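Following: one structure in structure tokens, then a few remarks.
Each reported figure results from applying straightforward, stated rules to the coordinates on display, with no laboratory input. Because the structure is a prediction, the values reported are computed rather than measured. For neighbour counting, all protein chains shown are included, and Cβ atoms are generated from backbone atoms with ideal geometry for every residue, glycine included.
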Number of protein chains: 2
Amino acid sequence: MPGKNAFYAQSGGVTAVINVSAAGVIETARKHKKQIGKVYAGRNGIIGALTEDLIDTGKESASAIAALKHTPSGAFGSCRYKLKSLEESRPQYERLIDVFRAHNIGYFFYNGGGDSADTCLKVSQISEAMGFPIQAIHVPKTVDNDLPITDCCPGFGSVAKYIAVSTREASMDVASMAKTSTKVFVLEVMGRHAGWIAAAGGLAADKEGDLPIVILFPEVTFNRKKFIARVDAKVRKHGYCSVVVSEGVKGPGGKFLSDQGLRDAFGHAQLGGVAPVVANIVKEELDLKYHWSVADYLQRAARHIASKTDVDQAYAVGKAAVEMALKGHNAVMPSIVRKSNTPYRWAIGMADLEKVANKEKKMPASFISRDGFGITAKCRQYLAPLIKGESYPPYRNGMPRYVVLKKVAVPKKLSGTFNI
Amino acid sequence: MPGKNAFYAQSGGVTAVINVSAAGVIETARKHKKQIGKVYAGRNGIIGALTEDLIDTGKESASAIAALKHTPSGAFGSCRYKLKSLEESRPQYERLIDVFRAHNIGYFFYNGGGDSADTCLKVSQISEAMGFPIQAIHVPKTVDNDLPITDCCPGFGSVAKYIAVSTREASMDVASMAKTSTKVFVLEVMGRHAGWIAAAGGLAADKEGDLPIVILFPEVTFNRKKFIARVDAKVRKHGYCSVVVSEGVKGPGGKFLSDQGLRDAFGHAQLGGVAPVVANIVKEELDLKYHWSVADYLQRAARHIASKTDVDQAYAVGKAAVEMALKGHNAVMPSIVRKSNTPYRWAIGMADLEKVANKEKKMPASFISRDGFGITAKCRQYLAPLIKGESYPPYRNGMPRYVVLKKVAVPKKLSGTFNI
């Protein structure tokens, strides 16, 4: 008789490698059929559990699961749906346990960021309290790299590589045109309140000063005068300058720089990004020709330029999550532990979810250069190994062959529906 | 005694593969030292000739020139500087001839788009008239793919591949989040007045209908009502939709859609892209959550995801340009001639510059689907081979190894300066 079934779900913003972690979970579980019966995935994340919309991953071929290792996005669907405290979300937690009980689910693998770590922890605690204990393991994922304890987060290395490569390429483009055309290029990147992704723009230069790059971190309050002076100095020296700006940069009043109260000709409010705002500041103050880009989803979906280190780590945390469950661990998260920088060596550690949930790891001050516009040697040492190695998807007719799963639904066992 | 020297210059917006054409010119010239002495490159394009700022490409090693084949941007510098008619720009043309005479330059290889073809033609005509005949050969380059006669333009295949891959990746990202988050993703692409790059977004789906994609071409006047109906239908059917919008899309009055008279809270005019405008229309009319991206320079600098077909053709036109010069041709351009679709076969042809200069090739009506928002099977057949094959640059420590040339200046021979 096989062991209890497992439930796997993808949560929050997806990444170029979250499916790699899914493959790590599923392939490892398949090797332990005595202890783990079926692996069910939530269709659209935790919503799939709440609505009893489970996907039987057993219906997917070994090659389809293997192909997840080179497929971006969330193959089972993800969601932005936060479960709050037991008091506030009691019906949701009770429903989760009902569904898990109905489908004999004893393992809960939740693949997400900080909010998901919190949910994962609560599922563990509440299932215990409700008499149907579930081993809940959090599988770390976030492009923002803002989870504590783990040295880095799967998903980050690939977006960092994308931003580093794109900034290098676009900077070279601008350099060749600067004599008569664009002198300042502004690239807006993700990262919410943490500047990790913006910092990756600093890797566009092999060493400080190779390319003129000015970084705007959310950790540093925007100072218009200092910023303009920095850009002006770079343009005078190099003839051009690239600005990498984090979406989360705020002005002195604590208001997002992107929030400029833009209105169209009819007075309608318009939502813009921060890149055009920064570009307009450059134009207003220095009257230089500029271009700007907003990478948005392109950066976190770019499996075509994923970091091999990141791919390897994403798989390792998925695999380790299952192994931890098999060893009886509960309310934990596999973490990445850095063993050495040169050569870069890492191992899997285990973090207590109590210490992970709801904490946000921002860039330490020691990673930001004294002027506030660049990365330090220490930061470079931290970032460099994370983008190392290429891991190309297979191509057919010039296009990457990304897999689309069958996603066969598991027959429902509960009567009635649950409104989310 | 070696033959006359050659002058090579890069013109207009650079691409992921313009340096491949430079390598084609230089490597081929180096094989014919009896006929072609030195190859001088203009620093920052034609400005380098006007200011007698020539780069001696002979000072670059064979491996540096070979590395141009995997290096994006314009390695010698490019410029946006249009020479007008002989009447309007006589001093410029006379100066060019003076510089060419001083440096014994008998070959003029001009690597650019439509405007450059015109300049190239004029240099040929005027040098003849001024008694120092120059063989002027135009080397085609433009991401916009808008040159006539040639089946496609080097530079386009790679940007098309970038847009097709990025649209596929971002669409999969949106698909996995659409249940609770973003339902419409808008990607702004280049292309000026021609919709070729936007059309490449259609390749994100292997066949029509695989992925819900709505394309806004500059060739089709924007119709707000029809557009919203199309997006609405796609979202209802698929749960989400991607919109690929060309920067050059115009509304019924002939005004660019991007020109919305945006003003910030202080009433200052703000320059925005067309992607946020389209996203705001979606929000206003359908109240759907959206994200938008502006690829800008990232798309045309993305050597990391270049098309092998494009790389091969970019090299071939550079090589052919030299060979045509050696055969005594003048005022011509190597073109790409499509021999067959399946299998895709192409050859180098020769186009008369009179027929190339100042003409813009837009998307034919037969390439745009009847509803105006997609590509036809015929268009797909045209585009598909152009993105075929991968041509990765070498990497070191996770970053592409792009070459930076020495760019040693040729000693000046003329007294006096020339103000551009």
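The range B:112-127 and the range A:228-249 have Cα centres separated by 36 Å.
Exposed loop sites, defined as GluC sites (Glu not before Pro) outside DSSP H, G, I, E and B with at most 16 other Cβ atoms within 10 Å, are absent from the longest region of chain A, namely A:1-207. With a Förster radius of 56 Å applied to the beta-carbon distance between residue A:221 and residue B:381, the computed FRET efficiency rounds to 0.55. Taking Cα centroids, how far is the range A:272-286 from the range B:318-362 in Å? One Cα centre to the other: 41 Å.
Ranking A:204, A:246, A:221 by Cα position along the charge dipole of the range A:156-301, where only Lys, Arg, Asp and Glu carry charges on their C-beta atoms, puts A:221 farthest toward the positive end. Normalised by the number of residues in chain A, the average gap of Cα pairs under 8 Å and 6 or more apart makes the relative contact order 23 percent.
The label point for residue A:30 and the one for residue B:283, both projected 7 Å from the Cα toward the Cβ, are 4.3 nm apart. The amide H of residue B:405, built 1.01 Å from its N in the peptide plane, has no neighbour under 5 Å, considering only residues 5 or more places off or on other chains. Across the cross-link table entries A:225/A:308; B:308/B:412; A:179/B:359, which are compared at the Cα atoms, the separations over 29 Å belong to A:225/A:308; B:308/B:412. Computed over neighbours whose Cβ is under 11 Å from that of residue B:258, the net charge equals -1, Lys and Arg +1, Asp and Glu -1.
Taken residue by residue and averaged, Cβ atoms of other chains lying within 10 Å of the Cβ of B:70-80 number 5. Take residue B:102, push a point 7 Å out from Cα through the beta-carbon direction, and compare it with the same point in every other copy: 8.6 nm, smallest first. Across the copies of the chain, residue B:285 has label points (7 Å from Cα along Cα→Cβ) spaced 3.9 nm apart, shortest distance listed first. Residue A:328 label point (Cα plus 7 Å toward Cβ) to equivalent points in the other copies: 9.3 nm, shortest first.
Is the range A:301-413 best put as rounded, prolate or oblate by its Cα gyration tensor, with a ≥ b ≥ c the root eigenvalues, rounded for a/c under 1.5, and otherwise prolate when a/b is larger than b/c, oblate when not? Since a/c reaches 1.5 but b/c is at least a/b, the shape of the range A:301-413 is classed as oblate.
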